[in-house]
Amino acid sequence: MILRPARAMTIVQSLVGLLLILTPLLLIWQHLGMTRVLEISPSHPYGVTITDDRYEKGNSISSLERTRDALVMHCTLRPGYNWPFCKIQFHMGRGSKGIDFSQFDTVMFDMTYFGATPRKIRLHLTNFEPEFSNVDDWNSQRYNSVEFDVPTQSTFTFPLNVVRTADWWITSHNVPLEKTYTRLDNVTAMEISTGSVALGQPIVIELRSIRFRGKWISDTKLRYN
């Protein structure tokens with residue numbers, strides 16, 4: 001069958017129009033359909049608790065205020081312990097069963113920090129591994145951490161690959177060199193802690209949300225499997 005020029009042009013125009021319609025839909029699907037997100041917020045608090053160095057016989061004082069829009073930690077760091085701290089802790093699983101964070105590659109914060117400079121906080125991700133960890137010993141879990149300066153803007157993002165297994169944990173557990181890499185395949189808790197800041201100052205951290213984002217299939221995911 002031979003198409004007439006006018007009919008052929010109509011078919012071409014229809015195909016171009018269909019392509020123009022499908023392209024943004026495919027981009028939206030690629031962005032949303034191929035991305036997984038884990039949100040921590042007042043709506044998804046994951047058994048939120050708060051703690052400070054009084055557990056270690058320190059003198060810092062913390063409290064947690066829960067509003068509709070934010071989880072607010074009030075903290076005053078005081079001398080009396082080697083590493084004064086206050087922190088918000090989120091329980092990501094039960095017992096030795098956690099969540100596979102190796103599927104995520106970025107962390108997005110919606111958070112405001114009130115306090116004197118430096119504006120430092122720490123992100124902790126503890127990973128349960130039968131080879132090293134004991135259910136009854138919290139410190140036996142792999143201690144992954146990063147300390148960073150909080151920007152002045154309330155929303156900011158950084159890559160998850162900046163998190164590193166702490167040297168003290170590697171040393172205390174006699175971890176062989178080939179297993180000292182960061183491991184996040186069974187995270188049982190996530191913490192937002194005060195960082196290396198001067199004692200005596202009041203600190204307020206107003207956390208509206210933390211979103212861990214990643215593609216359904218990632219290089220990190222493949223590494224652990």
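Of all the residues in segment 163-205, those that are under 20 Å from ILE50 (Cα atoms), among the polar types (S, T, N, Q) and buried (at least 17 other Cβ atoms within 10 Å of the Cβ) number 3. Only a single item in (1) of a type outside the set (Phe, Trp, Tyr); (2) at pLDDT 95 or above; (3) surrounded by fewer than 17 Cβ atoms within 10 Å (Cβ to Cβ) is not met by ASN134, and it is number (2).
Where in segment 113-212 are there strands (runs of 3 or more DSSP E), lying fully within it, with 1 or more residues that are within 24 Å of LYS97 (Cα to Cα), hydrophobic (A, V, I, L, M, F, W, C) and touching a helix residue (DSSP H, G or I) at 6+ places or on another chain (Cβ under 6 Å)? Of the strands (runs of 3 or more DSSP E) lying wholly inside segment 113-212, those with at least 1 residues that are within 24 Å of LYS97 (Cα to Cα), hydrophobic (A, V, I, L, M, F, W, C) and touching a helix residue (DSSP H, G or I) at 6+ places or on another chain (Cβ under 6 Å) span 142-149, 187-194. Farther than 18 Å from SER196 by Cα and at pLDDT 95 or above, is that true of THR155? So THR155 fits the description; yes.
Per-residue answers, yes or no, for (1) within 25 Å of VAL197 (Cβ to Cβ); (2) in contact with an Asp or Glu (Cβ under 7 Å, 6 or more places away or on another chain):
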residue	(1), (2)
MET92	no, no
ASP100	no, yes
THR117	yes, no
LYS120	yes, yes
ASN134	no, no
ASN139	yes, no
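In segment 71-88, the residues that are under 12 Å from GLU191 (Cα atoms) form Cβ pairs under 6 Å with partners that are part of a loop (DSSP other than H, G, I, E, B), at six or more places apart or across chains, as follows: CYS86/SER60.
Yes/no matrix, rows are residues, columns are (1) surrounded by fewer than 16 Cβ atoms within 10 Å (Cβ to Cβ); (2) in contact with a helix residue (DSSP H, G or I) (Cβ under 9 Å, 6 or more places away or on another chain); (3) more than 30 Å from LYS215 (Cα to Cα):
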residue	(1), (2), (3)
ARG66	yes, no, yes
CYS75	no, no, yes
ASN82	yes, yes, yes
MET92	no, yes, no
GLY98	no, no, no
PHE101	no, yes, no
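Each row is one residue, and each column tells you yes or no for (1) within 24 Å of HIS44 (Cβ to Cβ); (2) in contact with a strand residue (DSSP E or B) (Cβ under 8 Å, 6 or more places away or on another chain).
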site	(1), (2)
ARG122	yes, yes
LEU125	yes, yes
ASP137	no, no
SER140	no, yes
GLU147	no, yes
THR155	yes, yes
PRO159	yes, yes
VAL204	yes, yes
LYS215	yes, yes
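On the basis of being buried (at least 21 other Cβ atoms within 10 Å of the Cβ), under 19 Å from LYS87 (Cβ atoms) and among the charged types (D, E, K, R), does ARG119 make the cut? Here the answer is no, as ARG119 does not meet what is asked.
The values are calculated or read from the model by the stated rules, or taken from the named source; none is laboratory data. Since we're looking at a predicted model, the values are computed, not measured. Quick reminder, even Gly has a Cβ in these numbers, built from the backbone with ideal geometry, and neighbours come from all protein chains shown.
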